[in-house]
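The values are calculated or read from the model by the stated rules, or taken from the named source; none is laboratory data. Predicted, not measured: the structure shown is a model, and the values here were computed from it. Cβ: placed from backbone, ideal geometry, glycine included. Neighbour counts: every protein chain shown. Accessible surface is based on the protein model in full, side chains and every heavy atom, while ligands, DNA and RNA are left aside. Shrake-Rupley method; radii C 1.70, N 1.55, O 1.52, S 1.80 Å.
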Amino acid sequence: MIDYTEKIPNNVDLGRDRVLQRALEHWQPAYLSWWNDVGPNESHGYDVYLRTAISVEPDGWAKFGYVKMPEYRWGVFLQPQDPNRQVNFGTNKGQPAWQEVPGEYRSVLRRIIVTQGDTEPASVEQQRMLGLSCPSMYDLRNIFQVNVEEGRHLWAMVYLLHRYFGRDGREEAEALLARRSGDADNPRILGAFNEPTPDWLAFFMFTFFTDRDGKYQLCCLAESGFDPLARTCRFMLTEEAHHMFVGETGVGRIVQRTCDVMKEHKISDPADVRAMGVIDLETMQRYVNFHFSVTIDLYGSDVSSNAANYYTSGLKGRFEETKIGDDHLLADAEYPVSEVIGDKIVTKHVSALTALNERLRDDYIKEVEAGVGRWNRIIEKAGIPFRLRLPHKGFHRAIGNFAGHNISVDGIVMTKEQWERHAPEWLPSAEDYKYVQSLMSGRVVELGKFANWIAPPTRGVNNQPLNFEYVRFN
Ligand SMILES: [Fe+2]
Ligand SMILES: [Fe+2]
């Protein structure tokens, strides 16, 4: 169990390391002022029915209760240490897992931790205005839950920086509070985390697609030979699962509501669907195309010597590394990557070590495809012939082998002019955003009530009814 009487709740025996404790207690007010400045808008006085981690054991790890978000107990929680754990891949395979940072990997590891850490506050910043247009109290509570946990993930990375990287680490921890999503001068590190999240459809797409990128990155870091990083990421994954649940069920409920209306009124034309005040499936498809394409860019270049180095050094493994039945060295293995040659997309085989980004992207795409399949079953059940689908991997890419090429959603190599002519069919237009936002002009917060454009969930939070008072506005 975690001791909540401490200023910074933790299971890392923080009280035994006074210097570290003082450094983190110094960072804490800076964090709170960041939360007050760019955390969820107008939310500071609300009592929110939130879960808080109380233990790192898989059963009964969280408790639920009303909390004012600035008083949320952000803490430092690591999965318990396994004394027999080893480095499980790369040239250091078989060594005992590192409890301190190996000198030669110091700057690379710091970079990996900072890049992961930077995404956590970024998403809070991106989502800060959405509380003002929530479709229900249930959804409002869920976005706040996601936000406080992203805040805790920032704490998790900042702990590692302070504990293991000395002065450089402290400076990085401060910089994590200084960058701002979308800021022209001091933006967040990764592209997708500088895109606005303008409405709730975008929020649900983001938590489905982009939080899942977070999951895959964390899974790879949970394999790290640097044991404190692995243990931190394992616990973060427990919380991350809920964020993807919010995304998948959120989109699913919007799909459900639209299908119900289409069926009831026997309509299928997007204009007729919009006239009923719900979101047409065509618009949802354009959101899918956008969020999928910007998210798969986050995996980096298809062929990457950095990815190879991270792996060979034992710093960042593959998804489910220890479940893979190969030599975990990949010295002679190959992996297929795509390349655009002329007007054709060709597959070529490269060293599996340099293709690790691409492999992770492919692992991710498989899981995303299954989720899209579940949305389609809702449409199918309603007897509507429309199906959502993922665009081709090369569509609308800014990083990797497809960057600079004009690939259609079907994977056809086009000229710039051809592509641009089709773009309004494929990506949300200003007019789409305007329409979606017009549905979300105010918040719906009557007990048990849901906005017209979204179906209620099948159950409430923590077995509470749907008409439970998830947020008290005071
Ligand atoms: Fe996170
Ligand atoms: Fe998340």
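Legend: Rg and Dmax of the range 224-285, from Cα coordinates, 19.3, 58 Å.
Our summary gives the range 228-358 a relative contact order of 20 percent, counting only alpha carbon pairs under 8 angstrom and 6 or more residues apart. Could you check how many percent of all C-alpha pairs in the range 1-54 are farther apart than 14 Å? Cα-Cα pairs of the range 1-54 separated by over 14 Å account for 66 percent.
Restricting the range 171-257 to trypsin sites (Lys or Arg not before Pro) that sit in a DSSP loop and have at most 12 other Cβ atoms within 10 Å of their own Cβ leaves nothing. With one equal scatterer per alpha carbon and no solvent term, the Debye-computed log10 I(q)/I(0) for the range 156-286 at 0.13, 0.23 1/Å reads -0.72, -1.32. Take the range 305-400 with all the other protein chains still there, run a 1.4 Å probe, and you get 49 Å² of accessible area per residue. The 1.4 Å probe gives accessible areas that order K434, K263, largest first, as K434, K263. Cα extents for the range 175-234 along the principal axes, largest to smallest and rounded to whole angstrom: 37, 28, 15. Shown in residue order for the range 332-340 are the 3J(HN,Hα) couplings computed by the Karplus curve 6.51 cos²θ - 1.76 cosθ + 1.60 at θ = phi - 60°: 10, 6, 10, 8, x, 10, 8, 8, 9 Hz (x for Gly and Pro). In whole percent, and with a 1.4 Å probe on the protein chains, what portion of the accessible area of the range 125-236 is carbon and sulfur? Of all accessible area on the range 125-236, carbon and sulfur atoms account for 44 percent.
Taking only the alpha carbons of the range 286-328, we obtain Rg and Dmax values of 14.0, 41 Å in that order. By the equivalent-ellipsoid construction on the alpha carbon gyration tensor, the range 258-327 comes out with semi-axes of 46, 15, 7 Å, ordered largest to smallest. Between the range 300-338 and the range 372-401, the alpha-carbon centres lie 28 Å apart. In order along the range 258-273, the phi-based Karplus estimate (6.51 cos²θ - 1.76 cosθ + 1.60, θ = phi - 60°) of 3J(HN,Hα) comes to 4, 5, 4, 5, 4, 5, 4, 9, 6, 10, 9, 5, x, 5, 5, 5 Hz; Gly and Pro are listed as x. Summary of the geometry: the range 67-117 and the range 201-245, compared by the centres of their Cα atoms, lie 14 Å apart. At a Förster radius of 30 Å, what calculated FRET efficiency corresponds to the Cβ-Cβ distance of T115 and A430, to the nearest 0.05? Using R0 = 30 Å, I get an efficiency of 0.45.
For the pair A403 and T5, label points projected 7 Å from Cα toward Cβ lie 5.4 nm apart. Note that the range 225-278 presents 35 Å² accessible area per residue, ligands and nucleic acids not counted, probe 1.4 Å. Residue-normalised convex hull volume from the C-alpha trace of the range 1-104: 169 Å³ per residue. Amide H contacts of G460 (H built 1.01 Å from N, in plane; Pro and chain starts excluded): L466 sit under 5 Å, all sequence-distant by 5 or more or on other chains. Just so you know, the averaged projected area of the alpha carbon convex hull for the range 330-474 sits at 14.2 nm².
Between the exposed loop cleavage positions of the chain, defined as GluC sites (Glu not before Pro) in a non-H, G, I, E, B DSSP state with at most 14 neighbouring beta-carbon atoms within 10 angstrom, the longest gap is 101-319. Counting Cα-Cα pairs of the range 304-390 in 5 Å increments starting at 0 gives whole-percent bin shares of 3, 12, 17, 18, 13, 12, 10, 9, 5, 2, 0. When a 1.4 Å probe is rolled over the protein heavy atoms, the share of accessible surface on the range 58-103 that falls to carbon and sulfur comes to 48 percent. Per the Cα gyration tensor, the range 397-459 maps to an equivalent ellipsoid with semi-axes of 38, 14, 10 Å, ordered largest to smallest. Under the convention that each Lys and Arg Cβ holds +1 and each Asp and Glu Cβ holds -1, the size of the dipole of the range 339-439 around its Cα centre is about 260 debye. Loop-resident trypsin sites (Lys or Arg not before Pro) (DSSP state other than H, G, I, E or B) in the range 1-44 with no more than 15 further Cβ atoms inside 10 Å of their Cβ: K7. Once Rg and the Kirkwood radius are both taken over the C-alpha atoms of the range 208-250, their ratio Rg/Rh works out to 1.05. Between V87 and G94, Q95, A97, the built amide H atoms are under 5 Å apart, and every one of these is 5 or more places off in sequence or on another chain.
Based on protein heavy atoms only, the range 25-163 ends up with 34 Å² per residue of surface accessible to a 1.4 Å probe. Each listed q (0.14 Å⁻¹) maps to a log10 I(q)/I(0) for the chain, found by the Debye formula over equal Cα scatterers with no solvent: -1.46. Close amide H pairs (under 5 Å, H built 1.01 Å from N) link N10 with D3, V76, residues at least 5 positions away or on another chain. In this structure, R85 and R106 have a Cβ-Cβ separation that, at R0 = 25 Å, corresponds to a calculated FRET efficiency of about 0.75.
Cross-link partners of K93 among lysines, defined as those whose alpha carbon lies under 17 angstrom from its own and excluding same-chain residues fewer than eight positions apart: K316, K323.
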